[in-house]
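The values are calculated or read from the model by the stated rules, or taken from the named source; none is laboratory data. It should be emphasised that the depicted structure is a prediction, and the values quoted were computed from it without experimental measurement. Methodologically, a virtual Cβ is constructed for each residue, glycine included, from the backbone with ideal geometry; neighbour enumeration extends over all protein chains shown. Quick note on the areas: whole protein, heavy atoms, side chains included, nothing else; ligands and nucleic acids left out. Shrake-Rupley method; radii C 1.70, N 1.55, O 1.52, S 1.80 Å.
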Amino acid sequence: AGASTWRRGLAAILIVLAGLWSAAAVAAPSIRCPVMTLAVANGGTAILDADACDGGPPPIGFGIGTLIAPPAHGNVTVNQSTDKVTYTHNG
């Protein structure tokens, strides 16, 4: 009975540690892609080339993903086939 309790306790500890480890991995910043910013005049458009962020030009890369938070003053489109992000200011 004592060995069984010890094994269950060890299993619980390992599960908690695995959960903490995966949370740390998700929160880690990208080592491939730096933070990128754009300065766009009112009513203007800018294109950001995010090709280096996914490991290479299509079809080598895995895609740049989707936009997490929409911009406050414009529209964004993400082109997965060219790895380009286009921002248009609504000013």
**Message:** Checking TYR87 against (1) modelled with pLDDT of 80 or more; (2) surrounded by 10 or more Cβ atoms within 10 Å (Cβ to Cβ); (3) out of contact with any strand residue (DSSP E or B) (no Cβ under 6 Å at 6 or more places or on another chain): exactly one of these is not met. Which one?
**Reply:** (3)
**Request:** With the condition kept exactly as written, say whether any residue in segment 16-36 is exposed (fewer than 11 other Cβ atoms within 10 Å of the Cβ) and at pLDDT 80 or above.
**Result:** no
**Prompt:** Mind checking which residues of segment 37-46 are within 22 Å of the chain's Cα centre (by Cα) and open to solvent by 70 Å² or more (accessible area, probe 1.4 Å)?
**Reply:** THR37, LEU38, ALA39
